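Let me begin by presenting the structure, written as structure tokens, before commenting on it.
The values are calculated or read from the model by the stated rules, or taken from the named source; none is laboratory data. It should be emphasised that the depicted structure is a prediction, and the values quoted were computed from it without experimental measurement. Accessible surface is based on the protein model in full, side chains and every heavy atom, while ligands, DNA and RNA are left aside. Shrake-Rupley method; radii C 1.70, N 1.55, O 1.52, S 1.80 Å.
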Amino acid sequence: MSDAPVVVDARGHRCPVPSLRLMKAMQDAVPGARFVLLATDPMARIDVPFMMSQKGGKVVAIEEADGGLRLTIETGGWLDAPTD
């Protein structure tokens with residue numbers, strides 16, 4: 001596994017597109033893989049952490065950068081975790 005995170009650029013798109021693009025990129029990822037989501041929609045700050053809590057991953061960092069958000073995400077052990 002490479003140490004460099006996969007960058008998912010969803011700038012200019014509104015909810016739910018940033019989350020959907022991130023999920024598509026994470027589809028075949030191994031546990032512990034890192035992704036960086038670039039988004040200009042402020043709802044990504046809320047949507048992505050919620051989605052990661054449901055999918056078994058975690059948000060490592062949320063930063064404001066270049067007029068938008070930069071969210072660093074790490075995949076969990078089981079991306080299709082039950083959501084009771």
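Computed from the coordinates I sent, semi-axes √(5λ) of the Cα gyration tensor in Å equals one of [x] 32, 13, 12; [y] 39, 19, 10; [z] 19, 15, 11. Tell me the label.
Evaluating semi-axes √(5λ) of the Cα gyration tensor in Å on these atoms matches [z].
In a GNM of the chain with a 10 Å cut-off on Cα contacts, which of VAL36, VAL17, VAL48 has the highest mean-square fluctuation?
VAL17
Want the number for ASP9 to MET23: 0.36 nm per residue separation, take away the alpha-carbon distance, what's left?
Taking ASP9 through MET23 to full extension adds about 3.8 nm, to one decimal.
What whole-number value in Å² describes the accessible area per residue of the chain for a 1.4 Å probe?
62
Using a Gaussian network model of the chain whose springs link C-alpha atoms within less than 10 Å, name the residue from GLY12, GLY56, GLY67 with the highest mean-square fluctuation.
Evaluated over the chain, the most mobile residue of the options is GLY67.
Once you keep just the Cα pairs under 8 angstrom separated by 6 or more residues, what percentage relative contact order results for the chain?
The normalised contact order for the chain reaches 31 percent.
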